[in-house]
Amino acid sequence: MLDKDCIFCKIIRGEIPSSKVYEDEKMLVFKDIEPKAKVHLLAIPKNHFKLLAEMDEGGAEDLKYILKKIPRIAKENGLENGYRLVINQGDDAGQTVFHLHIHILGGETLGW
Ligand code: AMP
Ligand code: ZN
């Protein structure tokens, strides 16, 4: 379920502080510590898995649940003018935390 060495699992367990903007039994959304846009949130499932390639049916259900929640969370965080979702996968994408997470970026016009 949770991985003892994973930084995002530690955030879920409350062992590392975070600026939470939304939490329920399946997911957590918190502010990225090094924002790449005026608003930069990270949405994570509470069940740990590293990559889409390792996602089981339960993980897929969690991902679907998170994607359905994001529009409302985005709106509540000032992103009514639009936002970008990013899921980095692996080294070439620059993935640094291996607990699946969705970046939610916005609050300004984003370059590509
Ligand atoms: P990625 O490069 O896609 O794996 O994204 C990992 C993201 O996690 C980066 O944008 C980091 O800034 C962010 N991050 C790492 N540690 C923390 C933390 N303790 N609290 C909030 N965000 C973090
Ligand atoms: Zn984890």
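Residues that are under 16 Å from Met1 (Cα atoms) and in contact (Cβ under 8 Å) with a residue 12 or more places away in the chain: does segment 62-83 have at least one?
yes
I need the full set of residues from segment 78-94 which are within 16 Å of the chain's Cα centre (by Cα) and under 20 Å from Gly111 (Cα atoms), in order please.
Scanning segment 78-94 gives Leu79, Tyr83, Arg84, Leu85, Val86, Ile87, Asn88, Ala93, Gly94.
Within segment 56-68, is even one residue within 18 Å of Ile33 (Cβ to Cβ) and either more than 16 Å from ligand 1 (Cβ to nearest atom) or in a loop (DSSP other than H, G, I, E, B) (or both)?
no
Which of the residues that make up segment 31-74 are more than 29 Å from Gly107 (Cβ to Cβ) and among the acidic types (Asp, Glu)?
Residues satisfying the conditions are Glu54, Asp56, Glu57, Glu61.
Would segment 93-112 turn up any residue that is touching a Gly at 6+ places or on another chain (Cβ under 9 Å), within 14 Å of ligand 2 (Cβ to nearest atom) and not in a loop (DSSP other than H, G, I, E, B)?
No, segment 93-112 has no match at all.
Give me the residue from segment 11-41 that is within 12 Å of ligand 2 (Cβ to nearest atom) and under 14 Å from the mean Cα position of the chain (by Cα) and, out of that set, surrounded by the most Cβ atoms within 10 Å (Cβ to Cβ).
Result: Ile12.
Being free of Cβ contacts under 8 Å to residues at least 12 places away in the same chain and in a loop (DSSP other than H, G, I, E, B) is the filter; apply it to segment 1-23 and report the residue that is nearest to ligand 1 (Cβ to nearest atom).
In this case the residue turns out to be Ile16.
We did not get these values from a lab; they are worked out from the coordinates using the rules stated. Just so it is clear, the model here is predicted, and its values are computed rather than measured. In this analysis, Cβ positions are derived from the backbone assuming ideal geometry, glycine residues included, and neighbour counts consider all displayed protein chains.
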